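As structure tokens, the structure follows; a few thoughts come after it.
FYI, it's all coordinate maths here, none of it is from the lab. This is a predicted model, so every value here is computed, not measured. Cβ placement follows ideal geometry from the backbone for every residue including glycine, while neighbour counts extend to all protein chains displayed.
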Amino acid sequence: MSEAKRQSKGPVRGYFFDKSVVVTGASSGIGHGVALAFGEQGAQVALLARRRVRLEELARKINRAGGKALALDCDVTDRARVFRAIEQVKEAFGRVDILINSAGLLISDPVEQMRPEDLEKMMAVNVFGALNAMQAVLPVMRKAKSGSIVNISSLAGRRGVSPLGGYSSTKFALVGMTEALRVELFNTGIKVSLVMPGVIDTPMARNALKHDSLKGVSAMMAMPARWVTWAVLAAAAFGLTEVDVPPGAAVAEKLGSLFPGVTDALLSVGTRIMRGAGTLMEGAGKPEHKAKS
């Protein structure tokens, strides 16, 4: 929806009206879209990310759309800062109804060449960052005996693919942690959901597609970020256990795990094809140089 149409429609009173929502990684990509969608529903949205200027710009959009925004510059890897941010949310909104863990980091490299420090950086954001946010909001939700936590993982968290081995390992960890928490919170009134997207058209994904092994993956194959936004809203509204984007994608990965050898072979061939296609695309994009006579 365009900015003009949003303003002409006036404040929206949707399903999430007056709900208190915390969104990590809200300054760009999926987190930005999710936060704006909640704001358009009339929610009170706390925006957590490191880039203050972008958060303030998003906060203005949410306030104009009829929601209420609170911009909090916060690095999710800083545990103490995350807990202080949630205290600020409680003071401003009185409660925390929904947590969306969207902050993420992707550094692509084959496992053989991956730098340990890059894996450590991804773990810090994708796993420990999510843990920090969940542990910060859970006491509030337990007291209220209600709440919803939505962790945005990835289809790479169900099947390791190259050159995303490090990223896949962090998403596998997030999936396992989320499933364990769901068991721990069974029958408490707090719902825990996983959203599992494939390749989404975000700055993070576009940067990853520059890797040699992924250059053959056309940007046209990336799905719109709004698809994930819809999945997150559905997960939060209905307490869904897991939502795949596109629907059913994770089922194919689970079936593939029954025949790991065959799956490995297919992925290996596919990676070579993509690498070759990327090389051809690069060659096609270069201007022709005629030999001088």
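The table that follows gives values for the structure above.
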read-out: Among 169-180, 30-41, the order from most to least packed when residues are scored by Cβ within 10 Å on average; value: 30-41, 169-180
read-out: Qualifying trypsin sites (Lys or Arg not before Pro) for the stretch 71-146 [loop in DSSP, other Cβ within 10 Å: at most 10]; value: 145
read-out: Given 19/61; 61/121; 121/143; 19/145, the pairs whose alpha carbons are separated by over 23 Å; value: 61/121; 121/143
read-out: Ranked by how many other beta carbons lie within 10 Å on average, peptides 151-157, 72-78, 53-59 from highest; value: 151-157, 72-78, 53-59
read-out: Rg/Rh for the stretch 92-197, where both radii come from Cα atoms and Rh is the Kirkwood radius; value: 1.04
